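Read through the structure below, which is laid out as structure tokens, and then see the notes.
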Amino acid sequence: MSELLYQKIGIAVNLLAQDLLSRKVGDRIPSISEYQQLLGVSRGTVQNSLAYLKDNGAITLVSRGHMGTFIETLNVRRLQECSFNKELLGAMPLPYSACYQGLATALFQAFEPLAFNLIYARGAESRLRLIESGVCQFYECSRYAAEQAIESGEEVEIVADLGPGTYLSRHVLVLRDPDAKQITSGMRVAYDRASVDHRNITKMICDHIPDVHLVQMRAHQIVHSIRSGLIDAGVWNLDEIVESGYQGLNVVPLDGIVDVSRFSSAVVVVRKGEPALGQVLRQCLDVQKIRRIQEDVRQGTIGADY
């Protein structure tokens, strides 16, 4: 066969493998004609690609006459070897809290049939760059960060929302003055420009207050900086405060100050135009199971494993 034909079959095999990964044993698959339209290749290319997958033990199919062709067996590892660069790779925040450790543990269990791994990267925008460059196939962030990316024109979409409390329990305001209830004029306030969530929550709180001095620092430095007198206030993650055993902090919930509900939900984000990948992720991501595993890790019922 010519090199061009080999290339066409290779592309078709990749796309077919992705499509079949989104299906399960017993499903009816599209007809040859339907796959022609779906993949934009010739009838012969579709037939050769299906034959390649069958010959390599990725699938077995059974014809039921006018009812169509159905999946009899499906080997997800062999299908995956023909797609997704042989490994499904996601990105999520550094697992510094039990919440994130539980999330990582749940993801590994969710994708257990597949060759799967995670990259841990600080900042939703950094993780966005990882899927844009093709390093990863998906990333985790807060619903707020994902919506901000979409509104700014990034070619991404949300394929799963894991629900409130899965990204973090809540953000809180930490104040140096034990009697303070909110940020006031003249205060020095922590500002982490590398975090979409942190910088926007901070802006929401401070925008209407005159003479606030924003002090650039990483969010995990806030508690130490408050105790050292370097700043007067900062937004931080309640999970980290509780788990680190910090004592004597003036912690104020943000619920009554600004709506932070979208910041607590973890979502799974992919590039637009990859419907088969989205289908695979939706099929694997059992939200209730993920939430249960994450909570078990948080409560110490099971150990983190990621």
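Structure notes:
- Under a 5 Å amide H cut-off, with hydrogens placed 1.01 Å from N, G234 pairs with V174, A190 among residues at least 5 apart or on other chains.
- Entry note, the chain: relative contact order of 23 percent, from Cα contacts under 8 Å with a spacing of 6+ residues.
- Acute angle (nearest 10 degrees) that the helix 98-110 long axis makes with the longest principal axis of the chain, alpha-carbon atoms: 0 degrees
- For the stretch 291-306 and the stretch 95-110, distance of Cα centres in Å: 8 Å
- For the chain, the fraction of 1.4 Å probe accessible surface lying on carbon and sulfur atoms is 48 percent.
- The chain: most fluctuating residue of D197, D161, D55 per GNM, C-alpha cutoff 10 Å: D55
- Kirkwood-Stokes translational diffusion coefficient of the stretch 58-121, alpha-carbon pairs, 25 °C, 0.890 mPa s, µm²/s: 175 µm²/s
- Working value for the stretch 185-270: equivalent-ellipsoid semi-axes of 20, 17, 13 Å, each the square root of 5 times a Cα gyration tensor eigenvalue, largest first.
- Translational diffusion of the stretch 9-66, µm² s⁻¹ [Kirkwood Rh, Cα pairs; Stokes-Einstein; 10 °C; 1.306 mPa s]: 136 µm²/s
- Per-residue SASA entry for E240, accessible area with 1.4 Å probe, Å² rounded to 10: 40 Å²
- Under 5 Å, built H, 5+ apart or other chain: amide partners of N250: L175
- Estimated vicinal HN-Hα couplings, Hz - the stretch 59-69 in sequence order (Karplus 6.51, -1.76, 1.60; Gly, Pro = x): 8, 10, 10, 10, 8, 10, x, 5, 6, x, 10
- Annotation: the antiparallel percentage among DSSP beta bridges lying fully within the stretch 1-146 is about 50.
- Principal axes of the chain: Cα extent on each, largest first, Å: 77, 41, 30
- Highest-MSF residue in the chain out of Q47, Q101, Q80 [GNM, Cα springs under 10 Å]: Q47
- Couplings 3J(HN,Hα) for the stretch 188-195, derived from phi with the Karplus relation 6.51 cos²θ - 1.76 cosθ + 1.60 (θ = phi - 60°), are 9, 10, 5, 8, 9, 5, 7, 10 Hz, where x marks Gly and Pro.
- Over the stretch 90-196, Cα pairs under 8 Å with separation of 6+ residues give a relative contact order of 30 percent.
- Accessible area per residue for the chain, computed on protein heavy atoms with a 1.4 Å probe, is 48 Å².
- Contour excess over end-to-end distance, with Cα ends at Q47 and F70 and 0.36 nm allotted per residue: 6.8 nm
- When E147, E155 are compared by accessible surface with a 1.4 Å probe, the order from highest to lowest is E155, E147.
- Sum of -39500 (n - 2.57) over DSSP H runs of 4+, divided by residues of the chain (222 nm, nearest 500): -12000 deg cm²/dmol
- Pairs of lysines in the chain whose Cα atoms sit within less than 29 Å of one another amount to 13, provided the residues are eight or more positions apart or on different chains.
- Of all DSSP bridge pairs formed entirely within the chain, close to 70 percent run antiparallel.
The values are calculated or read from the model by the stated rules, or taken from the named source; none is laboratory data. Small disclaimer: the values here were computed from a predicted structure and weren't measured. Please note that ligands, DNA and RNA were not included when accessible areas were found on the heavy atoms of the full protein model with its side chains. Shrake-Rupley method; radii C 1.70, N 1.55, O 1.52, S 1.80 Å.
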